[in-house]
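Below is one structure, written out as structure tokens; the observations come after it.
The values are calculated or read from the model by the stated rules, or taken from the named source; none is laboratory data. This one's a predicted model, so the numbers in the text were calculated from it and none came from an experiment. All Cβ positions, glycine included, derive from the backbone under ideal geometry; neighbour counts span all protein chains shown.
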């Protein structure tokens, strides 16, 4: 039950930071990072696939509602939730993840965590920006947006994760 509260707090914080702060970071209409997807990426390994899909959909939908983006975040975040189990299997450093654990730097290492964030964010951003432009004529511009936002998003997610991690360690 305590673990559920932790994730509810992360959800509220990440969505609030995304909507009030990060959505206002727009550099030349090219960089607009999305850090709210960290919520999907830090969920426990043993979460059921159907629950993960529902959480992914509602996480994206909550951003869509407040950003007036007509479902593109819901689609991209649901895709991320769908591929997450496969992604975890592909980058696994062990045969199986410990039940009840979640992706974290302490247990799996900084390199593993950044690789996990990068691939998950790449999947999300590719879907998001392709749905947003829905035009292959400007593919090179979309590709540029995907990669610049990928870097900005990973930096913000790591910054949030490290601050949140230090905050939870101080509370123990």
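Tell me which of these residue 132 doesn't satisfy, since it passes every other one: (1) over 17 Å from residue 29 (Cβ atoms); (2) part of a helix (DSSP H, G or I).
(1)
Okay, residues lined up against (1) assigned to a helix (DSSP H, G or I); (2) within 19 Å of the chain's Cα centre (by Cα); (3) modelled with pLDDT of 95 or more; (4) surrounded by 19 or more Cβ atoms within 10 Å (Cβ to Cβ):
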{"residue": "86", "(1), (2), (3), (4)": "yes, yes, no, no"}
{"residue": "96", "(1), (2), (3), (4)": "no, no, no, no"}
{"residue": "99", "(1), (2), (3), (4)": "no, no, no, no"}
{"residue": "115", "(1), (2), (3), (4)": "yes, yes, yes, no"}
{"residue": "122", "(1), (2), (3), (4)": "yes, yes, yes, no"}
{"residue": "139", "(1), (2), (3), (4)": "yes, no, no, no"}
{"residue": "150", "(1), (2), (3), (4)": "yes, yes, yes, yes"}
{"residue": "155", "(1), (2), (3), (4)": "yes, yes, yes, no"}
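Output the residue which, of all residues in region 59-71 that are touching a helix residue (DSSP H, G or I) at 6+ places or on another chain (Cβ under 8 Å) and outside any loop (DSSP other than H, G, I, E, B), is farthest from residue 124 (Cα to Cα). Can you show your working first?
Start the filter on region 59-71 by keeping residues that are touching a helix residue (DSSP H, G or I) at 6+ places or on another chain (Cβ under 8 Å), which leaves 59-64, 66-67, 69-71.
Of the ones still in play, those that are also outside any loop (DSSP other than H, G, I, E, B) are 59-64, 66-67.
Values: 59: 13, 60: 11, 61: 14, 62: 16, 63: 14, 64: 14, 66: 19, 67: 17 Å.
For region 59-71, the residue satisfying everything is 66.
Given the structure, is residue 79 part of a helix (DSSP H, G or I), at pLDDT 95 or above, in contact with a helix residue (DSSP H, G or I) (Cβ under 6 Å, 6 or more places away or on another chain) and surrounded by fewer than 18 Cβ atoms within 10 Å (Cβ to Cβ)? Step through it out loud before you land on a result.
Details: part of a helix (DSSP H, G or I): yes; at pLDDT 95 or above: yes; in contact with a helix residue (DSSP H, G or I) (Cβ under 6 Å, 6 or more places away or on another chain): yes; surrounded by fewer than 18 Cβ atoms within 10 Å (Cβ to Cβ): no.
So residue 79 fails the test.
So, of the residues in region 59-70 that are surrounded by 22 or more Cβ atoms within 10 Å (Cβ to Cβ) and touching a residue at least 40 places away in the same chain (Cβ under 8 Å), which turns out to be farthest from the chain's Cα centre (by Cα)?
Here is the first cut: in region 59-70, the residues surrounded by 22 or more Cβ atoms within 10 Å (Cβ to Cβ) are 59-60, 63.
Cutting the leftovers down to touching a residue at least 40 places away in the same chain (Cβ under 8 Å) gives us 59, 63.
Working: 59: 10, 63: 12 Å.
For region 59-70, the residue satisfying everything is 63.
Tell me, please, whether a residue that is closer than 18 Å to residue 100 by Cα, over 13 Å from the mean Cα position of the chain (by Cα), surrounded by fewer than 16 Cβ atoms within 10 Å (Cβ to Cβ) and modelled with pLDDT of 95 or more can be found in region 51-58.
yes
Which condition does residue 74 not pass, out of (1) touching a residue at least 12 places away in the same chain (Cβ under 8 Å); (2) more than 30 Å from residue 107 (Cβ to Cβ); (3) outside any helix (DSSP H, G or I), if it passes all the others?
(3)
Of the residues that make up region 31-44, is at least one at pLDDT 90 or above, farther than 23 Å from residue 152 by Cα and either under 12 Å from the mean Cα position of the chain (by Cα) or in a loop (DSSP other than H, G, I, E, B) (or both)?
The answer is yes, given that some residue of region 31-44 is at pLDDT 90 or above, farther than 23 Å from residue 152 by Cα and either under 12 Å from the mean Cα position of the chain (by Cα) or in a loop (DSSP other than H, G, I, E, B) (or both).
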